[in-house]
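Trainee: First the structure, which I've put down as structure tokens, then a few questions once you've had a look.
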Amino acid sequence: MPVEPPSSAWLFPPADSADDHGVVGVGADLDPGTLLTAYRSGLFPMPVREDGAVAWWSPDPRGVLRPADVRVSRSLRRSQRRYEVRVDTAFDEVLEACADPERPRRWIDARMVAAYTELHRLGWAHSVEAWDDEGLAGGLYGVGLGGLFAGESMFHRRTDASKVALLGLVDLLGTSGPRLVDVQWTTPHLAGLGATELQRDVYLGMLPTLTSATGPDWAAAAN
């Protein structure tokens with residue numbers, strides 16, 4: 001079972017008070033209790049600029065992926081056979097790859113790496129990885145809260161590896177009970193897999209049911 005950290009010392013503004021860019025506020029810290037409070041409130045952190053202040057976001061609309069709506073092309077099915085999906089076997093390596101300073105629009109700085117490493121140690125942050133004969137080919141990481149998986153970032157080193165990792169996440173979540181992958185913003189890459197958008201008020205209305213649901217057994221999946 002995940003370890004519940006001390007409560008946050010910060011009080012966030014309501015998620016529906018975000019400005020036109022989706023920003024609710026700037027500041028606070030990245031302690032585990034603060035991060036979990038944010039996710040449970042419909043917020044997620046992202047620095048305004050590299051090594052700058054952390055902004056807390058609640059975009060409208062919100063990009064989401066319902067496990068039951070995932071679309072898998074024939075070519076992606078073929079790619080699935082090339083990879084082995086693993087859970088939480090290389091969290092640090094996945095996080096490091098997602099934080100690669102050579103990546104375009106890099107936003108994961110040292111503070112974010114330290115924060116999610118600690119969340120992983122406490123049992124809240126997880127990685128789903130795609131492996132092949134050459135090693136770690138791609139993966140993703142995020143935060144599991146009951147039936148909600150708050151996706152943070154993904155990467156690939158070989159074709160379709162990040163997509164296969166995402167399919168592995170969807171398989172782990174299953175479709176029994178309330179389940180949702182929060183992808184923050186929908187991209188063409190994610191839309192091709194079935195990601196859609198929800199209005200902010202709809203997303204926020206779903207959160208209590210999602211986060212209180214019994215989620216997947218992450219510890220068992222990692223074995």
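Trainee: For region 37-78, take N as its residue count and report Rg(C-alpha) divided by 2.2 N^0.38 Å.
Mentor: The reported ratio for this selection is 1.76.
Trainee: Then there's this: Which whole-angstrom value gives the distance between the alpha carbon centres of region 159-200 and region 33-101?
Mentor: 9
Trainee: In addition: Scan around residue 184 for amide H atoms under 5 Å from its own, H built in the peptide plane at 1.01 Å from N, and keep only partners 5 or more places away or cross-chain.
Mentor: Counting only residues 5 or more places away or on other chains, the set is 63.
Trainee: At q = 0.25, 0.26, 0.32 Å⁻¹, what is the base-10 log of I(q)/I(0) for region 88-134 according to the Debye formula with one equal point scatterer per Cα and no solvent? Please give it to two decimals.
Mentor: -0.94, -0.99, -1.19
Trainee: Can I ask one more? Convert 25 °C to kelvin, take the viscosity as 0.890 mPa s, use the Kirkwood radius over C-alpha pairs of region 72-183 as Rh, and evaluate the Stokes-Einstein diffusion coefficient in µm²/s, rounded to a whole number.
Mentor: Estimated diffusion coefficient is 173 µm²/s.
Trainee: Could you work out how far helix 200-212 tilts from the main Cα principal axis of the chain, as a 0 to 90 degree angle to the nearest 10?
Mentor: Its long axis makes an angle of about 70 degrees.
Trainee: Taking loop as defined by DSSP and a crowding limit of 12 other beta carbons within 10 Å, which trypsin sites (Lys or Arg not before Pro) in region 70-143 fit?
Mentor: 71, 81, 105
Trainee: Using a probe of 1.4 angstrom, how much of the accessible area of the chain is carbon and sulfur, in percent?
Mentor: The C+S portion of the solvent-accessible surface of the chain is 50 percent.
Trainee: Projected onto the charge dipole of the chain (+1 at Lys/Arg Cβ, -1 at Asp/Glu Cβ, origin at the Cα centre), which of 123, 57, 212 gives the Cα projection farthest towards the positive end?
Mentor: 212
Trainee: Using only helices, what value at 222 nm comes out for the chain when you add -39,500 (n - 2.57) per DSSP H run of length 4 or more and divide by the total residues, to the nearest 500 deg cm²/dmol? Provide the component values of the computation, followed by the final result.
Mentor: Working: 8 runs with 70 residues, N = 223.
The helix-only estimate for the chain comes to -9000 deg cm²/dmol at 222 nm.
Trainee: To check my understanding: the extent here is largest minus smallest coordinate of the Cα atoms along each principal axis. What are those three numbers for region 96-162, in Å, largest first?
Mentor: For region 96-162, the Cα spread along each principal axis is 30, 26, 18 Å.
Trainee: Within region 67-127, report the GluC sites (Glu not before Pro) that DSSP leaves as loop and that have at most 12 other Cβ atoms within 10 Å.
Mentor: Counting only loop positions with at most 12 other Cβ atoms within 10 Å, the GluC sites (Glu not before Pro) in region 67-127 are 102.
Trainee: Assuming 0.890 mPa s and 25 °C, estimate D for region 61-126 with Stokes-Einstein, Rh taken as the Kirkwood radius over Cα pairs, in µm²/s.
Mentor: 167
The values are calculated or read from the model by the stated rules, or taken from the named source; none is laboratory data. Keep in mind that what you see is a predicted model, and the values were worked out from it rather than measured. Note that each Cβ is placed from the backbone with ideal geometry, even for glycine, and that neighbours are counted across all protein chains shown. Areas reflect the complete protein model, heavy atoms only, side chains present, ligands, DNA and RNA absent. Shrake-Rupley method; radii C 1.70, N 1.55, O 1.52, S 1.80 Å.
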